[in-house]
Amino acid sequence: MTEPPSILQVDSLLSGGGTDVQAILLAAGLQRLGCPVALAAPPSGSLAPEVERRGIRLLPIPQNKVSLVLSLARWIRIGGFSIVHAHHGRDYWPTILAVRLAGSGAAALLTRHMAKSPSSWPSRRFLLNASDGMIAVSQFVYHVLTEGDYEPESTDGERRSRPPISGNGAKIHTILPGIEVERFRPTEEARERSSWGFGPEHRIFGLVGGCSFPHGKGQEIFLEAAALAHAALPHARFLLLGSGNMQDYLAEKARALGLEGKALFLSHCHRMPEFLNSIDCLVRPGIGTEALGLAILEALACGKPVIAGAIDGVPEAFVSERAGRLLDRSTPQALASAMEELAREPPLTLSQRWALHEEVAKRFSSEILAERTLALYRQLAAPSGDRPAGGRRWATE
């Protein structure tokens, strides 16, 4: 086999979101496969220490767009990278322009981590053809990019019209995201419960995600559902993990709903596997748009059921009939009913939880992500005459 191509990942934020985590996991996975890789990112990013801990070479870049282009072009020339891979929408055009400016013949690859095409018309019109390829992180994202998705009657403006991207659709490839299945796995210990003030008799429903206006990750609907569910389930408790500008509003909402002492708010958690193993069920209301749902995968990998709105790419994360409940509508009443149903069922046994973990690991491990992405890199790095004429949907292999 030929030597692996040299890869430059680009992430000008590195601020702690799911896209940043995926960029780091991909870089780490590529290194394990023997692929030369570096991550161009701001040293001040909140995840920069994690990059260093994993031994990934970090090349400092500014966030200013013009300076970013010049800096990336310099790193491309110095490092001799053959693939330059951008993950955030804000980095797409700077990456393409830097590759052109470097003049080294590197390929520019973009990943679309969102369940919508780029927002600006020029990007939807010209971006795909200006790049060498684009990765969709779910079948639904592939559908949006190639066909568009329209819900004109939706009350959510984001969902009413998601037009496709123009250009050569053969350049779009589906590669599912990956999680660290070796970290997110079932354990019998629920060591976080006591620190929350909850006991073994409680059934804990958790929601994970940022809580910024207008709707966060559905925290307000979750609290309304919690108030309904608690009336039927006195031992139910509700945990909201995440920070944002809705925090004070949500705390007041919980008080107004009579959930003091029943709903707990946590801004941060540095032990997510322990957190997920300590709750009984993850709740993910169908709010806004959702490419797939990394928190859903992490909960399932820990063998915990999930209640989720069946929007966009979320159904692709449900790997088994034991995965929980997919809801057509994420109303407070529907969420509360699902919580009551699950609370009355016996918890999954440890063997059942491990079976759920294995279903996730077969499709969504970070190793599989790295292997499939490297296969695409090799395709893009091949001499033009050796490249296949069409794209491949790697997730379906």
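The values are calculated or read from the model by the stated rules, or taken from the named source; none is laboratory data. What you are looking at is a predicted structure, and each value in this text was computed from that prediction instead of being measured. Using ideal geometry, Cβ is built from the backbone for each residue, glycine included, and neighbour counts are taken over all protein chains shown. Calculation scope for accessible area: heavy atoms of the full protein, side chains included, ligands and nucleic acids excluded. Shrake-Rupley method; radii C 1.70, N 1.55, O 1.52, S 1.80 Å.
Taking the listed residues Leu59, Leu39, the one that is more than 17 Å from Tyr377 (Cα to Cα) and assigned to a strand (DSSP E or B) is Leu59, with no other qualifying.
In this structure, Ser44 does not qualify as assigned to a loop (DSSP other than H, G, I, E, B), at pLDDT 95 or above, in contact with a strand residue (DSSP E or B) (Cβ under 8 Å, 6 or more places away or on another chain) and among the polar types (S, T, N, Q). Any chance you could count how many residues in segment 356-381 are surrounded by 16 or more Cβ atoms within 10 Å (Cβ to Cβ), among the small types (Gly, Ala, Ser) and in contact with a helix residue (DSSP H, G or I) (Cβ under 8 Å, 6 or more places away or on another chain)? Adding up the residues that qualify gives 3.
Being touching a strand residue (DSSP E or B) at 6+ places or on another chain (Cβ under 7 Å), open to solvent by 10 Å² or more (accessible area, probe 1.4 Å), closer than 25 Å to Leu376 by Cβ and not in a loop (DSSP other than H, G, I, E, B) is a property that does not hold for Leu8. Candidates Leu239, Leu250, Leu207, Leu259: the one that is modelled with pLDDT of 95 or more, more than 30 Å from Pro122 (Cα to Cα), of a type outside the set (Lys, Arg) and in a loop (DSSP other than H, G, I, E, B) is Leu259. When we screen Cys269, Cys302 for residues that are in contact (Cβ under 8 Å) with a residue 12 or more places away in the chain, within 20 Å of the chain's Cα centre (by Cα) and open to solvent by less than 10 Å² (accessible area, probe 1.4 Å), the only hit is Cys302. Among the residues making up segment 121-139, those that are small (Gly, Ala, Ser) and either part of a strand (DSSP E or B) or modelled with pLDDT under 95 (or both) are Gly133, Ala136.
Residue-by-condition table, conditions (1) open to solvent by 10 Å² or more (accessible area, probe 1.4 Å); (2) closer than 18 Å to Glu371 by Cβ; (3) not aromatic (Phe, Trp, Tyr):
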residue	(1), (2), (3)
Leu26	no, yes, yes
Gln31	yes, yes, yes
Pro36	yes, yes, yes
Gly55	yes, no, yes
Gln63	yes, no, yes
Val69	yes, no, yes
Leu72	no, no, yes
Arg90	yes, no, yes
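Cβ separations smaller than 7 Å between residues 6+ apart or across chains give the following pairs from segment 315-343 residues that are touching a residue at least 24 places away in the same chain (Cβ under 8 Å) to residues that are among the aliphatic types (A, V, I, L, M) and surrounded by fewer than 17 Cβ atoms within 10 Å (Cβ to Cβ): Leu327/Ala310; Glu340/Ala232. For segment 150-191, a residue qualifies if it is in a loop (DSSP other than H, G, I, E, B), open to solvent by less than 50 Å² (accessible area, probe 1.4 Å) and more than 21 Å from Leu294 (Cα to Cα), and the qualifying residues are Ser154, Asp156, Pro163, Pro164, Ile165, Ser166, Gly167, Ala190.
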